[in-house]
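Report on the following structure.
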């Protein structure tokens with residue numbers, strides 16, 4: 001019988017409690033996991049793995065215990081593998097060594113989040129197999145990853161891959177290449193930057209500049225498991241602040257629920273010898289900040305996520321603490337943020353029902369008359385049977401002033417409107 005523990009937090013850390021659970025779990029895993037770790041299945045020097053890209057996140061195929069095909073996000077910001085729903089390990093009749101109950105999460109302090117630890121798990125990717133792993137298993141999909149990405153996603157995989165291999169991410173061609181460290185030789189076509197791996201997470205140095213201000217040097221976590229471009233913690237340095245022109249908005253889905261904060265443009269972002277003018281920066285509310293930065297105790301000013309990383313071909317070399325960057329096709333793409341103001345969630349077993357779950361006040365979508373609860377029937381005359389969430393989000397954030405027509409079902413009534421996408425920042 002597994003050991004059950006109950007963890008209760010004060011209201012100050014309620015929204016952070018889920019991350020603190022993972023921090024506690026880390027100490028246990030270090031004693032029990034990675035007895036064997038990942039290796040190439042055949043005698044190879046490198047392996048290529050195709051991936052899917054959803055909302056700037058890398059999704060790879062994983063087979064659990066040689067039986068169950070699943071999909072995991074590849075995330076530089078997590079130490080230990082997480083499975084989002086216990087039903088999958090129950091199918092395999094896996095046993096659990098511990099159970100945690102987190103009390104006081106979110107607005108309903110009477111509801112707890114339950115998670116389990118299972119050991120001796122095997123994880124197989126194309127050409128790569130890992131054995132002897134411990135895994136954190138959630139009772140149910142509190143993250144709602146599949147609903148907000150529009151595809152089945154069952155877990156998160158991170159440091160256990162990056163610590164064993166040099167990992168090249170070709171975002172343009174949606175291809176990973178894993179290389180054993182002793183056979184890796186960096187190309188001169190890439191910019192080489194120092195990477196600091198602390199508490200299993202990677203950090204680099206970048207520079208930002210506000211309008212009419214001096215440049216500020218920052219320590220930034222490199223977070224492939226986050227969709228944003230640049231995220232900043234104004235409490236980390238008195239020089240950091242939210243620009244006067246900003247937009248309060250839903251920043252996305254975190255481990256503790258929806259994350260809110262502000263988004264604004266800064267004058268410049270520079271990483272290595274590459275720079276961007278007028279990029280977007282996100283500034284999470286204080287209660288969401290730990291969630292967005294993965295709960296590490298390492299000091300940093302913020303993070304860069306998929307909104308920046310997808311502009312490059314990226315090579316992560318954790319063993320030598322280096323990162324290599326080469327411009328990709330999206331390097332010069334404009335920085336835009338939800339030009340329609342509409343947030344859509346995919347529902348149903350096939351993720352083919354698309355419901356508007358939030359509309360930003362003052363946005364183009366609100367002015368066009370759409371409402372929370374509307375179910376999308378078509379976008380630009382593409383009917384629901386040919387739509388997916390990634391396509392919808394792309395069409396609703398394509399470029400400013402582009403006209404978009406949306407038809408929705410509102411109860412028994414159909415409503416449609418044609419409107420122009422507009423930036424509010």
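When we screen 393, 401 for residues that are surrounded by fewer than 16 Cβ atoms within 10 Å (Cβ to Cβ) and within 23 Å of residue 248 (Cα to Cα), the only hit is 401. Report yes if residue 199 is surrounded by fewer than 15 Cβ atoms within 10 Å (Cβ to Cβ) and under 26 Å from residue 302 (Cα atoms), otherwise no. Criteria met by residue 199. Of all residue pairs spaced 6 or more apart or on separate chains, those with beta-carbon atoms under 6 Å, a first member in the stretch 356-369 that is touching a residue at least 60 places away in the same chain (Cβ under 8 Å) and a second member that is surrounded by fewer than 21 Cβ atoms within 10 Å (Cβ to Cβ) are 358/250.
Annotation note: Cβ proximity below 8 Å between a residue of the stretch 99-128 that is exposed (fewer than 15 other Cβ atoms within 10 Å of the Cβ) and a residue that is part of a loop (DSSP other than H, G, I, E, B) and at pLDDT 90 or above (sequence gap 6+ or interchain) occurs for 127/41; 127/42; 127/44.
Here 399, 410, 386 are screened, and the one residue that is over 19 Å from residue 336 (Cα atoms), in contact (Cβ under 8 Å) with a residue 12 or more places away in the chain and either in the same structural domain as residue 281 (by TED's automatic domain parsing) or out of contact with any strand residue (DSSP E or B) (no Cβ under 7 Å at 6 or more places or on another chain) (or both) is 410.
Residues of the stretch 244-264 that are closer than 17 Å to residue 306 by Cα and at pLDDT 90 or above: 263 alone.
Taking the stretch 339-354 as the range and being in contact with a helix residue (DSSP H, G or I) (Cβ under 9 Å, 6 or more places away or on another chain), in a loop (DSSP other than H, G, I, E, B) and surrounded by fewer than 17 Cβ atoms within 10 Å (Cβ to Cβ) as the test, only 352 passes.
The values are calculated or read from the model by the stated rules, or taken from the named source; none is laboratory data. From a predicted model like this one, the values you see are computed outputs, not experimental measurements. Here the Cβ is made from the backbone with ideal geometry for all residues, glycine too, and neighbour counts use every protein chain on show.
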